[in-house]
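Asks: One structure follows; several queries about it will come next.
The values are calculated or read from the model by the stated rules, or taken from the named source; none is laboratory data. All of these numbers come straight from a predicted model, not from anything done at the bench. Here the Cβ is made from the backbone with ideal geometry for all residues, glycine too, and neighbour counts use every protein chain on show.
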Number of protein chains: 2
Amino acid sequence: MLTWLDDIAFDANGLVTVIAQDATTHRILMVAWANRQAVEETARTQQAVYWSRSRGKLWRKGEESGHRQHVRELRLDCDGDCLLYVVEQAGGMACHTGRESCFYRALDGAAWKTVDPVLKDPKLIYR
Amino acid sequence: MLTWLDDIAFDANGLVTVIAQDATTHRILMVAWANRQAVEETARTQQAVYWSRSRGKLWRKGEESGHRQHVRELRLDCDGDCLLYVVEQAGGMACHTGRESCFYRALDGAAWKTVDPVLKDPKLIYR
């Protein structure tokens with residue numbers, strides 16, 4: 001049963017890197033970790049679930065912010081140690097800063113420059 | 001000098017996760033690691049450089065296959081522990097299997113299914 005989970009090369013901590021990509025804009029929204037339980041629940045519920053290393057527990061994306069991710073597709077890379085969640089991002093933002101993507105800084109000469117706008121004040125997201 | 005490198009949260013092994021995304025197709029091509037030297041060289045030369053954990057040395061993408069990656073943009077995520085290389089992929093393929101992307105398997109029911117074609121026989125890539 002669920003042998004597809006055995007094809008994933010979880011690391012020594014039982015985790016795998018996960019990229020979330022927006023199905024519509026194709027932006028890379030965020031990168032996080034998942035354990036076996038998180039991946040299984042994601043596939044079963046079609047809602048993105050991660051493992052929060054800082055909190056040491058399952059992280060059902062959007063459970064606080066409301067910015068859930070409906071997972072359209074799961075992909076696995078060639079060496080099996082990285083997963084891709086192709087998602088529909090509720091609210092159009094994945095980052096805790098209120099931006100669409102966590103990758104909102106671009107290298108500009110010798111400094112990182114913020115190039116993406118804040119769509120919603122984080123104080124209004126996390127109440 | 002190069003203080004932008006200090007904004008990157010390299011892990012205990014001195015590495016950071018790097019995603020390569022195709023600037024044109026927006027496909028996620030691959031995920032790999034980079035150390036400080038690899039990131040510095042990438043920014044300076046605009047050619048993607050990674051750190052090969054298996055070989056324990058700098059990996060100038062395409063040095064064997066010819067499938068180099070011209071880096072148009074570098075992005076950093078909100079917590080600084082993941083980089084994005086937005087690239088023009090020489091040969092239109094990044095994966096050692098001869099496919100465009102390393103993420104060529106999609107979950108189909110209870111199994112991973114290969115959904116992307118091989119564009120070139122790997123035996124012809126690595127000679």
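Asks: Give the residue that is farthest from the other protein chains (Cβ to nearest Cβ), with candidates limited to residues of segment B:46-61 that are more than 16 Å from A:CYS82 (Cβ to Cβ) and in contact with a helix residue (DSSP H, G or I) (Cβ under 7 Å, 6 or more places away or on another chain).
Replies: B:LEU58
Asks: Give segment B:9-45 a look and list any residue that's at the interface with chain A (Cβ under 9 Å from one of its Cβ atoms), of a type outside the set (D, E, K, R), over 14 Å from B:TRP59 (Cβ atoms) and in contact (Cβ under 8 Å) with a residue 24 or more places away in the chain, or say none.
Replies: B:THR17, B:ILE19, B:GLN21, B:THR25, B:ILE28, B:ALA43
Asks: Now for a separate question. Condition first: surrounded by fewer than 22 Cβ atoms within 10 Å (Cβ to Cβ), among the small types (Gly, Ala, Ser) and closer than 29 Å to B:ASP121 by Cα. Now tell me which residues in segment B:33-87 satisfy that.
Replies: B:SER52, B:SER54, B:GLY56, B:GLY62, B:SER65, B:GLY66
Asks: For A:LEU74, state whether it is farther than 18 Å from B:GLY80 by Cβ and either hydrophobic (A, V, I, L, M, F, W, C) or facing chain B (nearest Cβ under 10 Å) (or both).
Replies: Details: farther than 18 Å from B:GLY80 by Cβ: yes; either hydrophobic (A, V, I, L, M, F, W, C) or facing chain B (nearest Cβ under 10 Å) (or both): yes.
Yes; evaluated as a whole, the condition is true for this residue.
Asks: Could you identify the single residue in A:LEU29, A:LEU84 that is modelled with pLDDT of 95 or more, within 15 Å of B:CYS82 (Cβ to Cβ), touching a Ser or Thr at 6+ places or on another chain (Cβ under 6 Å) and outside any loop (DSSP other than H, G, I, E, B)?
Replies: Answer to the check: A:LEU29.
Asks: Determine if segment B:99-111 includes at least one residue that is touching a residue at least 60 places away in the same chain (Cβ under 8 Å), buried (at least 17 other Cβ atoms within 10 Å of the Cβ) and under 22 Å from B:THR3 (Cβ atoms). Before the answer, list the steps.
Replies: The first filter runs over segment B:99-111 and keeps only residues touching a residue at least 60 places away in the same chain (Cβ under 8 Å), leaving B:100-103.
In the following step, the residues that additionally are buried (at least 17 other Cβ atoms within 10 Å of the Cβ) were identified as B:100-103.
Narrowing the set further to residues that are under 22 Å from B:THR3 (Cβ atoms) leaves none.
Among the residues of segment B:99-111, not one is touching a residue at least 60 places away in the same chain (Cβ under 8 Å), buried (at least 17 other Cβ atoms within 10 Å of the Cβ) and under 22 Å from B:THR3 (Cβ atoms), which makes the answer no.
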